[in-house]
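Worksheet: the structure to be examined is printed underneath.
The values are calculated or read from the model by the stated rules, or taken from the named source; none is laboratory data. Every value quoted in this text rests on a predicted model; they were computed, and no experiment measured them. Neighbour counts are summed over all protein chains in view; Cβ atoms, including those assigned to glycine, are modelled from backbone coordinates with ideal geometry. Keep in mind that these areas ignore ligands, DNA and RNA; they rest on the heavy atoms of the full protein, side chains included. Shrake-Rupley method; radii C 1.70, N 1.55, O 1.52, S 1.80 Å.
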Amino acid sequence: MAKYHELGTPKNVLPLNKINALPSYNLKQSNYEYADKISGEAFAEEVLARKVSCSGCPIGCVHVGGLRKLFDAGYEYEYAGVSYDHELVFSLGSQVGMKNTSDVLNLINETEEVGLDAISCGVILGFMTEALVRGDIKITDTLVELNFGETAGYLAAIRHLASPPNDFYREIGRGLYNYTRKKADGSHDYALHLGGLEMAGYFMGPAHLAGGVTGIRHSHLDNAGYSIDQKLLKDAAQLSAKTVAEKIIEEEVIRSVYTSLVICLFAREVYDLETVCRALAALDIHKTPDELKAASSKILKVKLELREKMGFKLENFPLSERYFETPSPYGLIKREFTDEILKHYGELIKNI
Ligand code: SF4
């Protein structure tokens, strides 16, 4: 866990960029030419002010950067401590073409101040920027010019997303799935959501896509499809869709143990299931790792049933074309292969 203490999760920026897994410019690229300017190393050297831990955690992965903002003539500055991590460095960094750490912190700070989800916010801003260029939306919708790499327009748009001044912001502020499903202009083809939730900052391969659509909250943390892609990459040539589907379910079952016990997912390799069982034994709760997994399968089954009752259907969330146009570490991802993973997933979850 040293890497998360030293640089925090933005430690991942450069390695992901090197293998074509860092989404940039609304995923028109998976390799960002300014990655070194917004890397974990750049943040640590330029703006890192302190490291913070959640209560009782020895890891301390929360990194807080110092943001100095001029608010008036006469050298009038205000100072804010802004926490940053990989997902935000992607969504309000490479996704919208930011080229330095202060600009990324500035956008994160604005997003936090108005109370928006920073991943969704940045992914929506990247979409809006491309949609303006394509002519699918107009400046009469956005009310401000949006260009990759320019903070002023994005700062204004963030405020509009939080307090919508028109129907456009009201609709798009409810997410890209909500916005594009009502459009016949083809904008779904470059709307970066997975199962209705804006994508996180990993473009690792087919398991990340399938895992995002199927995950119980559509979070990259539900089953860590990106990590499955990473582990399977060396065997990419022999990869079977069924194996990927099995691993997605297996990982989501294990992660349900952690989320049910409110254990931080970053710390899951420190607190493996044997360690969790020893900790529970100290409370006179005696379980084996297999018993924990069995309980977790039941929990996941209940969650999936509830989601289905609430109207969720996989087929209502087709993957955007953009995911298949931009090279990933696997090269171009094949839609047929991803569809096959989803088909196996649908069969396998009937038996959990
Ligand atoms: S509990 Fe998790 S999120 Fe909090 S400091 Fe520790 S590793 Fe980071």
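Assuming His218 fulfils every condition listed in (1) open to solvent by 20 Å² or more (accessible area, probe 1.4 Å); (2) in contact with a strand residue (DSSP E or B) (Cβ under 9 Å, 6 or more places away or on another chain); (3) assigned by TED's automatic domain parsing to the domain that holds Ile19 apart from one, which condition is it?
(3)
Of the conditions (1) over 21 Å from Thr326 (Cα atoms); (2) part of a helix (DSSP H, G or I), Leu209 fails just one. Which one is it?
(1)
Go through region 1-35 and give me each residue that's without any contact (Cβ under 8 Å) to a residue 60 or more places away in the chain, away from the ligand (no atom under 16 Å from the Cβ) and among the aliphatic types (A, V, I, L, M).
Within region 1-35, Leu14, Ala35 qualify.
With respect to Val257, is the statement that it is open to solvent by less than 40 Å² (accessible area, probe 1.4 Å), farther than 26 Å from Asn17 by Cβ and in the same structural domain as Glu347 (by TED's automatic domain parsing) true?
Yes, satisfied.
Run down Val96, Val82 and say which single residue is under 13 Å from Ile158 (Cβ atoms) and either touching a residue at least 24 places away in the same chain (Cβ under 8 Å) or within 16 Å of the ligand (Cβ to nearest atom) (or both).
Val96
Assuming Tyr4 fulfils every condition listed in (1) surrounded by 14 or more Cβ atoms within 10 Å (Cβ to Cβ); (2) of a type in the set (Phe, Trp, Tyr); (3) more than 18 Å from Ile119 (Cβ to Cβ); (4) touching a strand residue (DSSP E or B) at 6+ places or on another chain (Cβ under 8 Å) apart from one, which condition is it?
Answer for Tyr4: the failing condition is (4).
Test each condition in (1) at negative phi; (2) in contact with a Pro (Cβ under 8 Å, 6 or more places away or on another chain) for Asn20 and report the one that comes out false.
(1)
Could you say which residue among Ile108, Ile59, Ile38 is touching a helix residue (DSSP H, G or I) at 6+ places or on another chain (Cβ under 9 Å), of a type in the set (Val, Ile, Thr), within 16 Å of the ligand (Cβ to nearest atom) and farther than 21 Å from Asp229 by Cα?
From the options Ile108, Ile59, Ile38, the qualifying one is Ile59.
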